[in-house]
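Worksheet: the structure to be examined is printed underneath.
The values are calculated or read from the model by the stated rules, or taken from the named source; none is laboratory data. If you're wondering where the values come from, they're calculated on a predicted model, not measured in any experiment. As a convention, Cβ positions derive from the backbone with ideal geometry for all residues, glycine included, and neighbour counts pool all protein chains shown. Only protein heavy atoms, including side chains, enter the accessible area calculation; ligands, DNA and RNA are left aside. Shrake-Rupley method; radii C 1.70, N 1.55, O 1.52, S 1.80 Å.
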Amino acid sequence: MTSFMNDQDLFPRFSKEEYTRRYNAIRDAMTKDNLDVILISGARGSSEVQYLSNYLAQSPNWLLFPREGDATVFIHFFNHQPCAKAQSVIDDVRWYGPAPMPTIADEIRRRGLSKSRIGLVTMRAMAYGHVSELQRQFPEAELVEFGPAFNRIRRVRSEEELVYLRKSGYLTDLACEALENNLRPGLTEQDVLSIVYGAYIKNGGDPGIHFIATTNMENPDRFVPWQRQTSRVLEKGSVVITELTVSYWGYSTQIHRPFAIGKEPTPIYRKLFDAALECYENIRNICKPGTTSEQIIAASSVIEENGFTSYDSVFHGEAGKSPELGTKSAAHPLEPWTLQENMVHVIQPNPITKDFKAGLQLGTAVIVKSSGGEPLHNYPFKFPVCG
């Protein structure tokens with residue numbers, strides 16, 4: 001049985017109607033593929049199991065979701081059960097023991113699904129040992145990749161989901177405001193990271209990626225945000241370049257802004273910023289249903305027209321993928337894609353000098369609308385001087 005009433009005041013939770021919509025859409029896709037059940041493998045922070053259960057996991061987890069009947073969530077740690085049950089809209093939350101496959105296999109047998117078509121979300125991401133064990137345990141079953149069909153449903157966001165995404169955008173705005181107000185000479189990059197964390201944790205945010213790099217604008221040596229921070233110290237004339245994701249209950253947006261320390265941006269950094277902003281607006285204006293990858297890449301050509309190239313993707317979806325598009329001079333291959341209403345994507349121009357010394361990142365997450373991309377953030381597009 002699925003419950004929608006327990007502990008509703010403790011954790012964020014969508015409406016019963018929203019879960020009914022999701023379940024119907026997934027089961028319609030299962031019917032189309034003639035699947036009797038799907039098995040979803042999740043990790044800490046992954047969103048596939050959460051999409052159907054509301055369980056925001058802190059460890060490996062699985063979801064057995066039948067075309068008919070009630071679903072079961074399996075979790076890694078025995079002591080996580082009370083909190084998991086308080087989060088989940090699925091009543092049946094169980095510890096799977098030392099390893100997942102024996103318990104899951106027993107449940108598949110109990111449900112009479114040993115000879116069924118089982119959809120895996122996603123077979124390409126599951127551990128080889130788990131897939132091979134399923135094949136060994138159920139030689140008469142047919143294991144089918146269901147990840148693409150599952151994710152096609154998830155990519156188009158409902159109005160309730162957009163509320164969560166806007167909350168994520170608000171939390172990333174708080175991080176940028178805190179940086180603008182607190183950056184100054186003498187701080188280390190680790191100090192910069194602590195400012196970001198302190199801005200949103202008390203407001204219910206969960207950490208996402210916090211990529212940060214600093215360099216001197218007169219003699220730059222870092223051109224993209226780094227995934228790990230160093231003990232480098234900010235000085236007058238430094239620039240801080242950022243790529244920040246903050247999640248709200250599994251829903252994430254991303255923002256990118258540069259910050260000058262103690263001095264106005266140098267001419268090259270001002271030119272990088274202006275090119276990035278023009279690129280962003282060119283792409284945002286065409287973020288409409290029916291727009292293709294080719295059109296998005298063409299809209300980014302201002303990067304090359306200004307004498308720059310790029311190193312990161314200029315446009316991406318959830319988790320940096322779906323799709324991952326670069327400008328025409330970037331390393332990224334063309335990935336076919338067509339936008340749909342209420343998809344959410346990140347526009348993130350990363351113009352860099354061709355000597356790979358200076359660069360910055362500028363952008364936001366947007367909702368695909370008929371009038372163009374609707375930003376999920378309110379922090380302004382500016383290059384503030386801090387400290």
> Quick one: what Rg and Dmax do you get for the range 128-175 from the alpha carbons, in Å?
Replying inline: 18.7, 54
> Between residue 77 and residue 9, what FRET efficiency follows from the Cβ-Cβ distance if R0 is 25 Å, with the result rounded to 0.05?
Replying inline: 0.55
> Rounded to the nearest whole Å², what accessible area per residue is found for the range 344-387 with the 1.4 Å probe?
Replying inline: 32
> Share of the range 141-247's accessible area from carbon and sulfur, percent, 1.4 Å?
Replying inline: 49
> When the accessible area of the range 291-387 is computed with all protein chains present and a 1.4 Å probe, what percentage of it is carbon and sulfur?
Replying inline: 51
> Considering only protein heavy atoms and a 1.4 Å probe, what is the carbon-and-sulfur percentage of the accessible area of the range 89-139?
Replying inline: 55
> Reachable aspartates and glutamates from residue 202, Cα under 19 Å, same-chain residues fewer than 8 places away excluded?
Replying inline: 9, 173, 177, 180, 191
> Taking a probe of 1.4 Å, how large is the accessible area per residue of the range 152-266, in Å²?
Replying inline: 40
>> Give me the one-decimal nm value for the distance between modelled label points at residue 334 and residue 59, 7 Å along each residue's Cα-to-Cβ direction.
In response: 4.8
> PRE reach from residue 137 (point 7 Å along Cα→Cβ): which of the range 84-103 fall under 12 Å by backbone N?
Replying inline: 96-103
> In what sequence, highest mean first, do 274-281, 231-238 appear when ranked by Cβ atoms within 10 angstrom?
Replying inline: 274-281, 231-238
> Do any of 167/288; 263/382; 16/85; 288/328; 271/354 go past 19 Å between their Cα atoms, and which?
Replying inline: 167/288; 288/328
> Of all trypsin sites (Lys or Arg not before Pro) in the range 42-107, which ones are in loop regions per DSSP and have a Cβ with at most 11 other Cβ atoms within 10 Å?
Replying inline: 44
>> From the alpha carbon gyration tensor of the range 81-143, can you work out the equivalent ellipsoid semi-axes (sqrt of 5 times each eigenvalue) and give them in Å, largest to smallest?
In response: 23, 14, 12
> Based on the Cα atoms of the range 1-131, what semi-axes does the equivalent ellipsoid have, where each is the square root of 5 times one gyration tensor eigenvalue, given in whole Å with the largest first?
Replying inline: 22, 19, 13
> Considering amide H positions built from the backbone, and no H for Pro or chain starts, which residues 5 or more places from residue 232, or on another chain, come under 5 Å of its amide H?
Replying inline: 189
> What is the spread of the Cα atoms of the range 304-387 along each of their three principal axes, largest first, in whole Å?
Replying inline: 38, 36, 24
>> Restricting to DSSP loop positions (anything but H, G, I, E, B) with no more than 14 other Cβ atoms inside 10 Å of their own Cβ, which GluC sites (Glu not before Pro) remain in the range 48-144?
In response: 68, 140
> Which value, in Å², gives the accessible area per residue of the range 53-143 when a 1.4 Å probe is used on the protein heavy atoms?
Replying inline: 46
> Taking a point 7 angstrom from the Cα of residue 197 along the C-beta vector, which residues in the range 245-272 have backbone N less than 17 Å away?
Replying inline: 245-247
>> Calculate the FRET efficiency for residue 270 and residue 124 from the Cβ-Cβ distance with a Förster distance of 30 Å, rounded to the nearest 0.05.
In response: 0.10
>> Can you bin every Cα-Cα distance in the range 113-152 into 10 Å intervals starting at zero and give me the percent of pairs per bin, rounded to whole numbers?
In response: 32, 54, 15
>> When a/c reaches 1.5 or more, the comparison of a/b and b/c decides; with that in mind, is the range 252-307 rounded, prolate or oblate per its Cα gyration tensor?
In response: oblate
> Across 5 Å bins from 0, what is the distribution of all Cα-Cα pair distances for the range 257-354, in whole percents?
Replying inline: 2, 14, 25, 24, 16, 10, 6, 2, 1
> How big, in percent, is the set of alpha carbon pairs in the range 131-236 lying more than 17 Å apart?
Replying inline: 69
> Dividing the alpha-carbon Rg of the range 190-277 by 2.2 N^0.38 Å yields what?
Replying inline: 1.15
> What residues have an amide H closer than 5 Å to that of residue 122, excluding those fewer than 5 places away on the same chain, when H is modeled at 1.01 Å from N in the peptide plane?
Replying inline: 41
> What percentages, rounded to whole numbers, describe P(r) for the chain computed over all alpha carbon pairs with 10 Å bin width beginning at zero?
Replying inline: 5, 22, 28, 23, 15, 6, 1
> Over the Cα atoms of the range 90-180, what Rg and Dmax result, in angstrom?
Replying inline: 19.3, 61
